[in-house]
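**Student:** If you scroll down you'll find the structure; I have some questions about it.
The values are calculated or read from the model by the stated rules, or taken from the named source; none is laboratory data. A quick note: this is a predicted structure, and the numbers were derived from the prediction, not measured. Every residue, glycine as well, gets a Cβ built from its backbone with ideal geometry; the counts of neighbours run over all protein chains shown. To get the accessible areas, we keep the full protein, side chains included, count just its heavy atoms, and leave off ligands, DNA and RNA. Shrake-Rupley method; radii C 1.70, N 1.55, O 1.52, S 1.80 Å.
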Amino acid sequence: MQPDTSSLFYTGRLEPDGATFDAWADRPLLQSIEEGGLVWPSSCQAGHCRTCVAQLLAGTVRYEVQPAALSAEDRAAALVLPCVAYPCSDVVLQPAE
């Protein structure tokens, strides 16, 4: 049984501008970013298109289902898909490429 994470949140930061948001443990980062009034590119919101791909500069994330749009090389390079990535700690993201 998974612990209740509905009230657990971390701090998220977007670089290069340093904007911060509450990164809720029970929802994908993209949802938390948007709920915080910030803008991040997105399209499919299902981990298929890579529109939202980000470099994870700090922190850790988890996936409920591993996204097909991220290769092993992408994961080794700390690339994440905020539309399907859930925070496990404070996180810092920047646009990839």
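**Student:** What number comes out for accessible area per residue over the chain if the probe is 1.4 Å? Units Å², please. Don't jump to the answer; show the numbers that get you there.
**Tutor:** Numbers: 5350 Å² over 97 residues.
I get 55 Å² per residue for the chain.
**Student:** In nanometres, what is the gap between the two model label sites at Cys88 and Leu57, each 7 Å from Cα along Cα-to-Cβ?
**Tutor:** Result: 2.2 nm between the two label points.
**Student:** Still on this structure, please answer the following. Pulled fully out, how much extra length does the chain show between Arg27 and Ala78, if you take 0.36 nm times their separation in residues and subtract their Cα-Cα distance?
**Tutor:** On the way: separation 51, 0.36 × 51 = 18.36 nm, distance 1.97 nm.
Taking 0.36 nm per residue and subtracting the Cα distance, the gain is 16.4 nm.
**Student:** Can you give me the pair-distance distribution of the chain, C-alpha pairs, 5 Å bins, whole percents?
**Tutor:** 3, 15, 28, 28, 17, 8, 2, 0
**Student:** Contour minus end-to-end for Glu35 and Cys49, with contour as 0.36 nm per residue of separation and end-to-end as the Cα-Cα distance? The partial results should precede the final answer.
**Tutor:** Details: separation 14, 0.36 × 14 = 5.04 nm, distance 2.15 nm.
Between Glu35 and Cys49, full extension yields 2.9 nm more.
**Student:** How much mean residue ellipticity at 222 nm does the chain get from its helices, if each DSSP H run of length 4 or more adds -39500 (n - 2.57) and you divide by all residues, to the nearest 500 deg cm²/dmol? Show your work: numbers first, answer last.
**Tutor:** Working: 2 runs with 12 residues, N = 97.
-3000 deg cm²/dmol, from helical runs alone.
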